[in-house]
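The values are calculated or read from the model by the stated rules, or taken from the named source; none is laboratory data. Because the structure is predicted, anything quoted here is derived from the model rather than measured. Backbone-built Cβ (ideal geometry, glycine too); neighbour counts: all protein chains shown.
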Amino acid sequence: MTLPDRSALSRRAYVRALVAVGGGAALSACLDVTRDGDDADPVPAGTDDPDSLPARQHAWNEFSARDEDGNVQLPEHHALVPLSLASDAAGDAEGNNGDDGTTAPSEDDRQTTETALRTLERAYEWSHEGLVFTLGYTPAYFDRFEGSLPDSVDLPAPEALTAREDPAFDEFDALLHLASDRPDVVLAAEEGLFGDRNELNGIDLETDLTGVFDRHDDRRRTGFVGAGLPASKTDVPGVPESVPEDAPFLMGFRSGFARTQASEDRVTIDAGPFAGGTTQHVSSMDIQLDVWFGQDNHHQRVSKLFSPTHAADELVGEVGDELADTSGVTDDGIASAEAAAREHGVVGHAQKASRAREDGNPPLLRRDFSTVDGDRPGQHFLALQRGIGEFVRVREAMTGADLDVSSANNGILHYLFVNRRGNYLLPPRSLRALPPTAPNS
Amino acid sequence: MAPDDPTADDSAGSSDRRTAIGPVLAPATDTTTTATRRTLLSRTGAISGALATGLAGCLGLGGGGDDEEQDGDYGGRQPTVTVEDPPNAVFLPTHREAMRVGEPVTAGEFRFVPMLSYPHPFWTIAGSDDAAVERETPDVGRGVHMMITVQDRETGLVVPVDEGIQFRIRSDGERVGSPVSPWAMLSQEMGFHFGDNVGLPGDGTYEVEVTIPPLSVRRTGVLAGRGEERATGTFEFEYDDEFRDQVIDGIDYLERDRWGERGALEPMGAGADGSDGSDSGGSDADGNAGHGEMDHAHVPYATVPAVDAYAGTRLVGDASSGGASSAGADGEETAAAELPRSDDAPIVAVLFETDADADESDLARLAGDENRTQNPEQYLLVSPRTPYNRVPLPDAALTASIERDGELVAEHELEQTLDSEYGHHYGVVVSGTGSDTSDSESSSAIRSGDSVIVSVDSPPQVARHQGYETAFLEMEAVTFEVPDGAEGGDTGN
Ligand code: HEM
């Protein structure tokens with residue numbers, strides 16, 4: 001594995017590049033630079049008492065930083081690690097094994113998985129300064145079991161959701177999502193589970209996941225979110241110098257406000273054996289960022305991302321700094337999406353997507369982040385919701401096929417190119433290790 | 001005579017880009033001024049950052065010093081001249097483009113023609129006010145302006161609406177840059193097409209995969225039910241000195257004193273003599289009502305029918321309104337000159353009715369299958385077009401208000417439609433004997449003596465090449481009268 005050239009990159013760009021490359025060598029290089037930098041603080045340790053941790057894997061909000069407006073700040077660095085069961089006959093790159101190759105996981109595999117994950121929790125505080133993570137399972141994983149998932153779990157196989165896309169699908173078995181403000185922690189945690197480390201943050205590793213899961217390196221995804229991170233990526237082709245200095249996402253604006261996000265309660269499955277879990281949709285997309293910044297002006301960007309009213313009344317500020325804990329999309333703004341399309345010839349992404357609110361409450365908890373995987377700008381759009389059907393409904397609202405507006409002015413559709421989609425069940429923590437379709441029965 | 005080196009002309013040089021924006025698009029407030037300056041900077045960043053620094057750096061292509069960024073692969077020979085104080089109307093640009101035209105490519109039910117030129121300036125639009133228009137200025141010359149014109153294979157009709165087409169570029173099997181959603185664009189020579197400036201890392205052979213999503217625009221006649229599948233097609237091109245010489249050497253400058261004059265270049269391939277004197281006026285009156293296609297060296301050109309080619313009752317507009325006072329420019333003496341204009345766009349309005357034998361089949365076709373069971377009685381067709389060459393103006397939002405004796409009797413949102421006979425227009429089924437039409441207000445038919453006021457809720461959201469960037473933006477409503485002889489639905493039962 002080739003490491004990025006330290007001399008050619010800023011420190012931040014270098015660290016980002018290391019997270020993207022992954023692996024032991026990247027980790028030690030990362031440690032080298034972060035130790036003599038401002039990240040040299042020790043990483044807070046985890047807990048020996050698993051019962052002190054939340055019952056939901058997706059309980060991150062309480063353990064995350066908040067900005068001055070009280071909005072949850074997603075941890076800055078992310079890795080999405082695709083996994084297939086090692087016990088299966090060697091799968092192809094997509095993780096397809098066919099019906100014959102799949103076997104139900106053994107009780108030993110379950111034990112090993114749970115032990116390894118508990119080690120992570122002992123090593124690192126469950127927080128943005130330590131590590132938060134989830135382990136999710138695809139519909140393909142559950143296919144190996146006799147029965148099907150209970151009705152209380154809405155987890156269809158992924159499919160194309162717009163007429164213009166032709167995505168590949170996540171058909172491997174599981175996805176490990178690692179997140180931390182510390183890039184070295186994201187790397188070390190993955191190395192601890194799959195590489196040849198013996199300790200993590202001073203905790204001895206009793207076991208790892210190499211016997212249970214195979215990683216699909218070619219499908220590994222990484223990313224970042226946080227003010228300043230996108231602007232540090234201008235070494236990447238297609239990431240223009242004009243990405244605003246304070247932008248938390250590559251597209252240049254704040255996103256994920258307290259009042260435009262579902263609560264964790266809202267997205268939690270409330271009945272059946274997987275109560276306490278949630279579903280996750282991950283779509284990975286390219287962004288034509290040089291067009292967004294190079295050919296549209298700020299007014300046009302605000303019109304397309306928020307709404308034409310936001311642009312006309314200058315409600316947003318350069319990167320969303322004028323907004324507090326809401327996107328500023330009002331009930332009026334939502335109701336007038338259709339009229340806005342006709343009257344302004346442009347309709348905002350947030351304006352459209354918020355049409356899918358239920359009694360004023362957004363059904364999705366978005367935990368998406370920007371990426372330069374493959375050395376080009378993109379977004380890994382990760383959203384939690386009680387059932388995948390809700391994601392599909394919101395995505396339809398975002399697509400806005402009902403709106404009388406040109407494709408280029410229909411929110412941000414013109415700039416996004418969906419390459420992959422995957423659906424996952426994130427079981428409650430108690431069932432996170434290789435759950436069957438019908439636990440407790 | 002065209003100047004030998006128009007870029008040497010200080011007054012029209014590229015150094016002051018604000019001049020280029022012109023009075024209509026000039027920043028209105030201090031904040032927009034800042035934004036404009038900042039986006040100018042960002043444009044520089046976008047092109048030089050992505051191309052020179054990024055790709056070039058990664059692929060080991062030269063250092064990309066300032067000079068090199070300025071001149072790029074084209075040696076700074078691309079026209080950067082601008083028209084000072086252009087009129088708020090369609091005007092003659094500084095030059096005719098040269099381009100390399102590829103062979104037509106089949107993609108499902110479509111066929112498209114690829115065209116390549118040097119990176120161009122153009123204007124993007126998202127809305128209708130000044131700040132909603134932005135000039136894209138390619139500052140570095142490594143790459144191409146990549147264009148396609150898409151046709152329905154069966155009818156030959158050019159697809160003139162923005163449906164989300166995508167380009168994916170590869171070289172030696174490796175992806176080059178991000179995918180691209182080309183803009184829906186209007187240019188005087190090419191008419192409606194899709195295009196964008198696309199950066200390239202260097203000389204070589206490139207392959208472009210074009211994806212055409214299913215059409216979502218309302219379609220009638222033979223077109224109904226066509227274009228429902230996503231289609232892809234691929235073309236290849238060489239990017240090298242020969243290409244660059246071809247598209248630069250072929251540029252044809254107009255005489256300096258004609259820049260900015262009201263008028264338009266003839267469609268590509270139309271006027272073979274190429275002299276500056278014959279380039280305006282276009283083909284207004286040639287009566288080519290066909291399928292909206294003109295075959296110029298196999299580049300299809302989207303047109304709408306001439307005024308008198310519609311079979312229904314033509315509504316009579318007030319030609320002195322909406323900027324038509326100056327419509328006599330360039331001495332066009334056609335039916336088009338009698339059309340009312342809105343920000344220089346002539347607008348045709350035609351009523352199709354059941355009891356006019358001649359157009360009954362037109363009515364059934366235009367009303368579409370979805371309205372068949374309702375016994376449609378009237379269809380109102382509205383077709384805004386460019387003042388020269390009859391290029392349709394798509395992706396606008398139009399409303400027709402019907403007034404009788406000064407009272408508003410109905411208001412109809414018009415729906416953008418592609419018809420296999422009449423091509424692009426905005427239309428609405430006005431009345432039907434079935435009662436549950438989608439628009440319940442439509443029960444009252446349009447009668448002779450009524451006024452039909454066509455208002456433009458938002459102007460054509462189509463990017464513009466030089467000469468179109470100041471027209472069709474602030475579009476006033478135009479009023480038509482329904483002449484005698486249009487009997488109206490009241491007698492139609
Ligand atoms: C690069 C891609 C994207 C960017 C930059 C982006 C950005 C934004 C921004 C700035 C907002 C408004 C601020 C806020 O409320 O968070 C927003 C809202 C939203 N977006 Fe996106 N978004 C992207 C993709 C998506 C996708 C793929 C979906 C899928 C459905 C989506 C769904 C939503 C929803 C549901 C809202 C909130 C609506 C509400 O307020 O109820 N976004 N997005």
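Somewhere in the stretch A:284-291, is a residue within 14 Å of the ligand (Cβ to nearest atom), in contact with a Lys or Arg (Cβ under 8 Å, 6 or more places away or on another chain) and either farther than 30 Å from A:Leu155 by Cβ or more than 14 Å from chain B (Cβ to nearest Cβ) (or both)? Checked against the condition, which is being within 14 Å of the ligand (Cβ to nearest atom), in contact with a Lys or Arg (Cβ under 8 Å, 6 or more places away or on another chain) and either farther than 30 Å from A:Leu155 by Cβ or more than 14 Å from chain B (Cβ to nearest Cβ) (or both), the stretch A:284-291 yields no hits at all. Of the set (1) in contact (Cβ under 8 Å) with a residue 40 or more places away in the chain; (2) within 14 Å of chain A (Cβ to nearest Cβ); (3) crowded, with 19+ Cβ neighbours inside 10 Å, all apply to B:Arg226 but (2).
Taking the stretch A:340-363 as the range and being within 10 Å of another protein chain (Cβ to nearest Cβ) and over 14 Å from A:Gly400 (Cβ atoms) as the test, only A:Glu343 passes. Pairs meeting the criteria (first residue in the stretch A:183-196 and more than 15 Å from A:Ser127 (Cβ to Cβ), second residue hydroxyl-bearing (Ser, Thr, Tyr), beta carbons under 6 Å, at least 6 apart or on different chains) are A:Asp184/A:Thr34; A:Phe194/A:Thr210.
Each residue in the stretch B:396-411 was checked for being in a strand (DSSP E or B) and touching a residue at least 24 places away in the same chain (Cβ under 8 Å), and 11 of them qualify.
Of all the listed residues (A:Ala65, A:Ala13, A:Ala59), the sole one being within 14 Å of A:Asp181 (Cα to Cα), of a type in the set (Gly, Ala, Ser) and in contact (Cβ under 8 Å) with a residue 60 or more places away in the chain is A:Ala65. For the stretch A:258-271, filtering for residues that are in a helix (DSSP H, G or I) and away from the ligand (no atom under 15 Å from the Cβ) leaves 2.
Taking the condition away from chain B (no Cβ under 14 Å) and of a type in the set (Val, Ile, Thr), does A:Thr326 pass? Spelling it out, A:Thr326 is indeed away from chain B (no Cβ under 14 Å) and of a type in the set (Val, Ile, Thr). Within the option set B:Tyr301, B:Tyr253, being buried (at least 21 other Cβ atoms within 10 Å of the Cβ) and either within 19 Å of the chain's Cα centre (by Cα) or modelled with pLDDT of 55 or more (or both) holds for one residue only, B:Tyr301.
Taken over the stretch B:104-125, the residue count meeting the criterion of being in a loop (DSSP other than H, G, I, E, B) and either closer than 14 Å to B:Pro79 by Cα or touching a Pro at 6+ places or on another chain (Cβ under 8 Å) (or both) is 4. For A:Thr309, the requirement of being of a type in the set (Val, Ile, Thr), more than 9 Å from every other protein chain (Cβ to nearest Cβ) and more than 13 Å from the ligand (Cβ to nearest atom) is met. Each residue in the stretch B:376-408 was checked for being more than 23 Å from B:Leu339 (Cα to Cα) and crowded, with 16+ Cβ neighbours inside 10 Å, and 2 pass.
You will find that of A:Ala356, A:Ala324, A:Ala335, A:Ala341, the residue that is surrounded by 18 or more Cβ atoms within 10 Å (Cβ to Cβ), more than 11 Å from the ligand (Cβ to nearest atom) and farther than 16 Å from A:His298 by Cα is A:Ala341 and no other. Only one of the listed residues (B:Val176, B:Val133) is within 11 Å of chain A (Cβ to nearest Cβ) and within 18 Å of the chain's Cα centre (by Cα). That residue is B:Val133. Annotation note: of A:Ser336, A:Ser284, the sole residue that is under 30 Å from B:Val161 (Cα atoms) and under 20 Å from the mean Cα position of the chain (by Cα) is A:Ser284.
Let's see how each residue does on (1) at pLDDT 80 or above; (2) in a strand (DSSP E or B); (3) among the aliphatic types (A, V, I, L, M):
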position	(1), (2), (3)
B:Ala349	yes, yes, yes
B:Ser361	yes, no, no
B:Gln378	yes, yes, no
B:Arg390	yes, no, no
B:Pro394	yes, no, no
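Note on the stretch B:177-193: residues that are in a strand (DSSP E or B) and under 25 Å from B:Asp241 (Cα atoms) total 1. Of everything listed in (1) within 13 Å of chain A (Cβ to nearest Cβ); (2) part of a strand (DSSP E or B), the single unmet condition for B:Ser216 is (2).
So in the stretch A:364-394, with the set limited to residues that are within 29 Å of A:Pro237 (Cα to Cα) and away from every other protein chain (no Cβ under 14 Å), which one is nearest to the ligand (Cβ to nearest atom)? Looking at the filtered set, the residue picked out is A:Phe381. Would you check if B:Gly191 is small (Gly, Ala, Ser) and either facing another protein chain (nearest Cβ under 8 Å) or without any contact (Cβ under 8 Å) to a residue 12 or more places away in the chain (or both)? For B:Gly191, the condition - small (Gly, Ala, Ser) and either facing another protein chain (nearest Cβ under 8 Å) or without any contact (Cβ under 8 Å) to a residue 12 or more places away in the chain (or both) - is not met.
Of all residues in the stretch A:394-405, one or more are surrounded by fewer than 23 Cβ atoms within 10 Å (Cβ to Cβ), in contact with an Asp or Glu (Cβ under 7 Å, 6 or more places away or on another chain) and at pLDDT below 95. For the stretch A:250-271, give me the residue count where each residue is closer than 17 Å to A:His349 by Cα and hydroxyl-bearing (Ser, Thr, Tyr). Qualifying residue count, the stretch A:250-271: 2. Just name the residue that is modelled with the lowest pLDDT out of those in the stretch B:335-347 that are of a type outside the set (A, V, I, L, M, F, W, C) and not in a strand (DSSP E or B). It comes out as B:Glu338. In this structure, does A:Gly294 turn out to be within 30 Å of B:His120 (Cβ to Cβ), more than 15 Å from the ligand (Cβ to nearest atom) and not β-branched (Val, Ile, Thr)? Answer is yes for this residue.
Just to be sure, is A:Ser406 more than 14 Å from every other protein chain (Cβ to nearest Cβ), more than 10 Å from the ligand (Cβ to nearest atom) and hydroxyl-bearing (Ser, Thr, Tyr)? No.
A Cβ distance below 7 Å, combined with a sequence gap of six or more or placement on separate chains, defines the contacts here; from the stretch A:253-266, residues that are within 14 Å of another protein chain (Cβ to nearest Cβ) reach no residue that is within 6 Å of the ligand (Cβ to nearest atom) and at pLDDT below 95. Taking residues in the stretch B:456-481 that are within 12 Å of another protein chain (Cβ to nearest Cβ) and surrounded by fewer than 24 Cβ atoms within 10 Å (Cβ to Cβ), and partners anywhere that are β-branched (Val, Ile, Thr) and in a strand (DSSP E or B), the pairs with Cβ atoms closer than 6 Å and at least 6 places apart or on different chains are B:Asp457/B:Thr399. Filtering the stretch A:212-257 to residues that are part of a helix (DSSP H, G or I) and over 18 Å from A:Pro377 (Cβ atoms) leaves A:Asp217, A:Asp218, A:Arg219.
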